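What follows is a set of notes on a single structure, which appears directly below.
The values are calculated or read from the model by the stated rules, or taken from the named source; none is laboratory data. Keep in mind that this is a model prediction, so the values were computed, not measured. Here the Cβ is made from the backbone with ideal geometry for all residues, glycine too, and neighbour counts use every protein chain on show. SASA here: full protein model, heavy atoms, side chains in, ligands and nucleic acids out. Shrake-Rupley method; radii C 1.70, N 1.55, O 1.52, S 1.80 Å.
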Amino acid sequence: MTARAAIAMGCSAGGLAALQRVLPALDRRLAVPVVVCAHTGSADVSLLVELLGRVSALPVVEAAEREPADPGVVHVAPSGYHLLVEPNAHFSLNVDARVTYARPSIDVLFETAAGAWKDGLVAVLMTGANSDGAQGLRAVRQAGGYALVQDPASAESDVMPRAGLDIAGADACLPLDQIAARLNQLCLP
Amino acid sequence: MDVEDIEIELFVRAMQLRHGHDFTEYAPASLKRRVQQLVRTHHAGSISELNRRLLHEEGFVTRVIEGLSVPVSEMFRDPPVFRALRDKVLPVLASYPEINIWQAGCAHGQEVYSLAILLEEAGLYERTRIYATDFNDAALQVAAEGIYATRDARDWSRNYIEGGGQKSFSDYYSARYDFIKLDQRLRRNVTFFNHNLVTDEVFCEAHLILCRNVLIYFNNALQDRTLGLFRDSLVRGGFLCLGTRENIDFSPSAASFGDIDAGLRIYQAGAGVARPLAR
Ligand SMILES: C[S@@+](CC[C@H](N)C(=O)[O-])C[C@H]1O[C@@H](n2cnc3c(N)ncnc32)[C@H](O)[C@@H]1O
């Protein structure tokens, strides 16, 4: 199996703490785009970007409309918009209705990322108190992508990872502190 | 190419050849999700079945346009934008004896009423005409009625205050059970009509064009053409306001706009400073 081409991550309640554990442990040589959709409930995602930027091994930016998903960079979905990956691996945004009560929605990110990267995608579903992301994870697997779900027992809120396992299943189900190592293994050449 | 992507291409062709609606330059990822949504709404089972109905079923295209349009909006969305319009744009508009504003992609009209309130409070509404356009007739009808769910009013009231509103938002509507109805005096200078940004032309000399969260559905080429249409519609020194996360760095036409407040996506036509093109 050749190295995977991109990582998409989704989380909700407890997501900040989880990301603060995973992002620092990523390998600095990781040359794939990392795209994060986290429900923050706040109107502005800049605080999240700053907090993650302080600890992450890779630079963290807000995902920008029409810009390419740059390798070696963590792109965070802005609040109030769905973040989509176009077939040419550039970002687009829309303000369509909420999906599973969320905008940005993890389902929307995962489904469109699966469309863009097909079997090159690794999707990670972590802690959260709703079931957003589960349908998206299924689309990822159908497209040949790799689904990594946080072990519900290690999740601050287990609803989201459980829904992911129920609806999509997973290629791996790992405790929080083993997720980064698996991503490095899957995505380093 | 996977089967679903082929079906979507055929869908776009059917819309074009059979109905004259051009979606070829919409951003594909959003379009695909909306077509999938249409399949579910109409219990079509597959995009191919949708295509069959599109070709053969009288009137079905209207339902399809409604589904592709998704007229989601709010009043005073992004309050700082309305504050900036009030502080930086309206004082300039005040120097014109008559003010023309084009609100393109007005959806269910929330922004039209927001704008009317803003102008009313600035004492400019009497001499303003607002052209509110969309390509979805059903949405235009809702916009003209100005009836919205009461549960949204609380958020909008907060937006109104954050956006610099001077009265109470509830002064502008009457509430009945689950609905609020916006004061119909607010639309006395509004003209609602169907205008498709892809195919229709310049129709007025505008001093301000508000087109928020519409170009995000367009690919770079169509975004650029539409910005050209806006440039040609604006008077010299006229203003353009886009959605707060829109990116015009890839558009050659954007070179004719200068920044008024780049962070809030408020620009001015012919304001000198050429915008550099990205990559
Ligand atoms: C998300 S709404 C934007 C509403 C509002 N401006 C806002 O930001 O809250 C997008 C609107 O653009 C309209 N639209 C999409 N394509 C269009 C086109 N080609 N011509 C005119 N309107 C279009 C849709 O019908 C929809 O009502």
Item to check | A/B buried area, accessible surface, summed, 1.4 Å probe, Å² | outcome: 2000
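When DSSP assigns beta bridges and you keep just the ones with both residues in chain B, what percent turn out antiparallel, to the nearest 5?
Approximately 45 percent, going by the DSSP bridge assignments.
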Checklist entry - Taking accessible area as the heavy-atom solvent-accessible surface of the protein chains with a 1.4 Å probe, which residues of the stretch B:193-235 lose no less than 40 Å² upon going from the isolated chain to the full protein assembly? => result B:I216, B:Y217
Checklist entry - Which angle from 0 to 90°, rounded to the nearest 10, does the C-alpha axis of helix B:110-121 make with the longest principal axis of chain B? => result 10
Checklist entry - What nm distance separates the two modelled labels at B:E49 and A:V55, each placed 7 Å from Cα along Cα→Cβ? => result 4.8
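Hey, any idea what % of the protein assembly as shown's accessible area is carbon plus sulfur with a 1.4 Å probe?
After summing per-atom areas, the C and S share lands at 50 percent.
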Checklist entry - So which residues in the stretch B:24-48 end up with at least 40 square angstrom less accessible surface once the other protein chains are there, compared with the chain by itself, probe 1.4 angstrom? => result B:A29, B:S30, B:R33
Checklist entry - So what is the relative contact order for chain B, in percent, with contacts set as C-alpha pairs under 8 Å and at least six apart? => result 16
Checklist outcome for this item: With a ≥ b ≥ c from the Cα gyration tensor eigenvalues, square-rooted, and the rule rounded for a/c under 1.5, otherwise prolate when a/b > b/c and oblate otherwise, chain B is oblate
Item to check | Net charge, A:P104 excluded, C-beta distance under 15 Å - Lys, Arg +1, Asp, Glu -1 | outcome: -3
Next on the checklist: Quick check for you: with a 1.4 Å probe and neighbouring chains kept, what is the accessible area per residue of the protein assembly as shown, in Å²?
Outcome noted: 41
Checklist entry - So how compact is the stretch A:150-189: Cα radius of gyration and Dmax in angstrom? => result 11.0, 34
Checklist outcome for this item: Note on the stretch A:15-153: alpha-carbon gyration tensor, axes a ≥ b ≥ c; rule is a/c under 1.5 for rounded, else prolate if a/b larger than b/c, else oblate; result rounded
Checklist entry - Over all distinct alpha-carbon pairs, what is the Kirkwood Rh of the protein assembly as shown in angstrom? => result 23.4
Checklist entry - Any idea what the relative contact order of the stretch A:64-155 is, in percent, if you count C-alpha pairs under 8 Å spaced at least 6 apart? => result 24
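Out of the DSSP beta bridges found with both residues in the protein assembly as shown, what percent are antiparallel (nearest 5)?
Numbers: 21 of 63 bridges.
Restricted to the protein assembly as shown, the bridges split so that about 35 percent are antiparallel.
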Item to check | Debye intensity ratio in log₁₀ form over the Cα atoms of the stretch B:57-171, taken at each q of 0.17, 0.20 Å⁻¹ | outcome: -0.86, -1.11
Item to check | Rounded tilt (10° steps) of B:28-41 against the dominant C-alpha axis of chain B | outcome: 70
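What does the convex hull of the Cα atoms come to per residue for the stretch B:3-69, in Å³? Kindly include the intermediate steps, with their values, before the conclusion.
Details: hull volume 5.0 nm³, N = 67.
Hull volume over Cα atoms, normalised by residue count, gives 74 Å³.
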